[in-house]
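The values are calculated or read from the model by the stated rules, or taken from the named source; none is laboratory data. Everything numeric in this text was worked out from a predicted model, so none of it was measured. Note that we place each Cβ from the backbone using ideal geometry, even for glycine, and neighbour counts take in every protein chain shown.
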Ligand code: S3P
């Protein structure tokens, strides 16, 4: 992999991006960069509080800002928040970083996983299932447009997803040679 070829994980809340990112980090020894963690570090409070105090729009500005400044010297594992595909500038920024992998599952599985924790401000609503469904529908085509690879995680452990990603990347690299 050359310096630009990081592995960039995108996908809905509940897809397992953070956990898969950790597995990829362990398997490859590459550094892991997480845009949510970077935004949180900037504000000094958790995401729920950023949304509450400053609003979603401010979070989105910070998210794009973090992405603009991401320029790892070596390939890295880049983990992103589920809404990162909502801004078209972000799509180019993601592609510039390396191979974009869409981590996904069927909608019901994603929602069930995403609801296990109550720290996702977008789901702290009266009807979180409907909110999730709307986001899922709005974002499907954006993830598809941004991604080089799509991995269905419904029946896989996080580590199996990481293994699948690395195998698929090897296949792609072999085809390019
Ligand atoms: C969001 C997903 C979250 C986080 C924020 C907004 C979204 O990240 O960025 O709560 O819009 O889907 P995860 O995908 O890691 O939950």
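Note on region 20-108: enclosed helices (runs of 4 or more DSSP H) holding 3 or more residues that are within 12 Å of the ligand (Cβ to nearest atom) are 35-43, 47-54, 56-69.
Examine region 131-145 for a residue that is within 27 Å of residue 29 (Cα to Cα), part of a helix (DSSP H, G or I) and out of contact with any strand residue (DSSP E or B) (no Cβ under 6 Å at 6 or more places or on another chain), and state whether such a residue exists. The answer is no, given that none of the residues of region 131-145 is within 27 Å of residue 29 (Cα to Cα), part of a helix (DSSP H, G or I) and out of contact with any strand residue (DSSP E or B) (no Cβ under 6 Å at 6 or more places or on another chain). In this structure, residue 4 does satisfy being away from the ligand (no atom under 13 Å from the Cβ) and either part of a helix (DSSP H, G or I) or at pLDDT below 95 (or both).
For the structure I just gave you, tell me whether residue 71 is surrounded by fewer than 19 Cβ atoms within 10 Å (Cβ to Cβ) and closer than 25 Å to residue 31 by Cβ. Here the answer is yes, as residue 71 does meet what is asked.
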